[in-house]
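Below: one structure, written as structure tokens.
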Amino acid sequence: MPPDFDTTTPAVVLKLDHNVMHHGGLGVIRSLGRAAVPVYAVYEHPLAPAAHSRYLHGRFLWNPPQPHRPEQLLAGLVRLAERIGRPSVLVPTDDAGAILLAEHGDALRRWFRFPAVAGDLPRRLAGKYSLTTVCQDLGLPVVRATLARGLFEAERFVAQVGLPVMVKLAEPWKAVNGTAKIRSTTLVGRRREIADLFHLAGGAALMLQEYIPGGAGNDWFFHGYCDERSSCVPAFTGVKERSYPPHAGLTSFGRHVPNDRLRQQVCAMLRRLSYRGIMDLDLRYDARDDRYKLLDFNPRIGAQFRLFTTTDGLDVARAAHLHLTGRPVPPGEPVPDRRFVVENYDSLAALGYLRRGELGIRSWLASLRRVDEAAWFAPDDLTPFGLMCLRTAGRAVSRPLRRGGTAAGTGSTHPVFRPGRATHLLAPAAVPVRSRTGEQGEDQTTREA
């Protein structure tokens, strides 16, 4: 039987990363919106694809300056809550949002519902190198790594473990301030590439991590939701079939694969951490010692979470809303062999795998014919897919639209005036004009007073 949702309690999708092409928030909007939960979203640009989903009850244009200041973020969220006018479930989609709620969230509990987790835990888990120390403290299998502040330290580590190595920003949520111009994770096969990355990092420390030999079926992820007892229901495991960039980036094609050994290992770790809320973990199976090793711990909802759902329609976003509104979370049975694709990234990933000789055109096309859900395309919600296609084409022709365009990149606490578009969270004064969703909508369109 389908879960019984509290449709009087809205959900707010919080995104602080300036990335208009983020698809995880769209998944939350569609999942909860289809369950008749009113969903509001924070977005940084009027033409952000997710901001035009038919399942969005209200939109708020907000582009807080970088680096983030907690007091400004809290003030903006309070203004958002006052616009909505009733308590809401808050769902962060990036590490910066999860860290903000853990470290400063007590000031928001009057307006928002979200899990109470130890204040320092999300920052420690999201940090690439600090996660290594967490695993060591818990006695978990770890991948050899070092925090390098310069090229000398990096070369010394490479001499120990050899090439290739994984190079990661130690605190990737800080990269949005523009000081670092590299990906959060890069697979490096030559020494001179490491020097280039340090130059582009703008003084940021880099973590170098031993590369675990992989192969088909060795890259795993885990998605789940933990209650106040750190009991994880639901708990899903899956395989990352393709990623962009290949073997070192976000999931572009994933498949649900049950793995009881991995599920039990991760659930035990979550209990030891006293973790609460949604999480998204990346792990790799190391055949050298027959162990699964944790590579990344995202203390928030993962962008590919819609890969996983139970036969009664439960995913981690719906589990969070049910639990935070006092509803029971049914365990359910996972939909077997479910498959998920991120259209814009998988086409790029496929090119990389083709060049490596690890994928053929026929096998790639065959895999797409078996997709159960796509990140962007949905027959009942086509506008986000159309905007994604336009933005992708625009990026291919001209790079100035990267990271949301010029207006979104200004980083101002003052509103950018766009009539008939959205509520500006940090406006000194605003007058509601109309609601995009008719009588059921909330104040979401304003003009300067």
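Some observations on this one:
- Residue among 94, 106, 381 with the largest mean-square fluctuation in a Gaussian network model of the chain, springs linking Cα atoms under 10 Å: 106
- In this label model, residue 159 and residue 264 are separated by 4.4 nm, measuring between points 7 Å along each Cα→Cβ vector.
- Segment 78-111-segment 160-175 distance, computed between alpha-carbon centres (Å): 31 Å
- Annotation: amide H-H contacts under 5 Å for residue 250 (H modelled 1.01 Å from N, sequence separation of 5 or more, or interchain): 244.
- Dividing the radius of gyration of the alpha carbons in segment 186-308 by their Kirkwood radius gives 1.01 for Rg/Rh.
- With each label modelled as a point 7 angstrom along the Cα→C-beta vector, the residue 78-residue 192 pair spans 5.5 nm.
- Relative to the dominant Cα principal axis of the chain, helix 383-397 is inclined by about 50°.
- Angle of helix 260-273 to the longest C-alpha principal axis of the chain, folded into 0 to 90 degrees and rounded to 10: 70°.
- In this calculation the C-beta distance from residue 287 to residue 311 is compared with R0 = 30 Å, giving a FRET efficiency of 0.35.
- Bridgeable aspartates and glutamates around residue 240 (alpha carbons under 16 Å apart, same-chain partners fewer than 8 residues away excluded): 219, 280, 282, 286, 296, 337, 343, 346, 358, 372, 373.
- Only Cα pairs under 8 Å and 6+ residues apart enter the sum, and on that basis the relative contact order of segment 119-223 stands at 32 percent.
- Within segment 229-296, the trypsin sites (Lys or Arg not before Pro) that combine a DSSP coil assignment with at most 15 other C-beta atoms in a 10 angstrom radius are 229, 288.
- Fully extended contour minus Cα-Cα distance, from residue 103 to residue 86, at 0.36 nm per residue: 3.8 nm
- Nearest 10 degrees, 0 to 90: helix 343-356 Cα axis against the chain principal axis: 10 degrees
- Rg over Rh for segment 253-293 works out to 0.99, both radii taken from alpha-carbon positions and Rh defined as the Kirkwood radius.
- Positive dipole terminus of segment 333-376, leading residue within 366, 354, 335 (C-beta point charges): 354
- Here's the list of lysines a cross-link from residue 15 could span, going by alpha-carbon distance under 21 Å and ignoring same-chain residues fewer than 8 apart: 128, 174, 181.
- With only the Cα atoms considered, segment 1-65 has a convex hull volume of 79 Å³ per residue.
- Convex hull per residue volume in Å³, alpha carbons only, for segment 118-208: 92 Å³
- The chain - percent of accessible surface contributed by carbon and sulfur, probe 1.4 Å: 52 percent
- The P(r) of segment 279-384 has a tail past 25 Å containing 39 percent of all C-alpha pairs.
- Using only side-chain charges placed at the Cβ, +1 for Lys and Arg and -1 for Asp and Glu, the dipole size of segment 215-321 relative to its Cα centre rounds to 120 debye.
- Stretched out straight at 0.36 nm per residue, the stretch from residue 274 to residue 389 would grow longer than its current Cα-Cα span by 37.2 nm.
- Once the chain from residue 216 to residue 200 is taken as fully extended at 0.36 nm per residue, the excess over their C-alpha distance is 2.6 nm.
- The value obtained for segment 1-139, namely the Cα convex hull volume divided by the number of residues, is 133 Å³ per residue.
- Put 345, 353 in order of accessible area, highest first, and with a 1.4 Å probe you get 345, 353.
- The GNM of the chain, with springs linking C-alpha atoms under 10 angstrom apart, assigns the highest mean-square fluctuation among 312, 380, 219 to 380.
- Taking the inverse of the mean 1/r over every pair of distinct Cα atoms in the chain gives a Kirkwood hydrodynamic radius of 22.5 Å.
- Rounded accessible area per residue of the chain, 1.4 Å, Å²: 43 Å²
The values are calculated or read from the model by the stated rules, or taken from the named source; none is laboratory data. The shown structure was predicted, so the numbers you read here are calculated from the model rather than taken from an experiment. For neighbour counting, all protein chains shown are included, and Cβ atoms are generated from backbone atoms with ideal geometry for every residue, glycine included. Quick note on the areas: whole protein, heavy atoms, side chains included, nothing else; ligands and nucleic acids left out. Shrake-Rupley method; radii C 1.70, N 1.55, O 1.52, S 1.80 Å.
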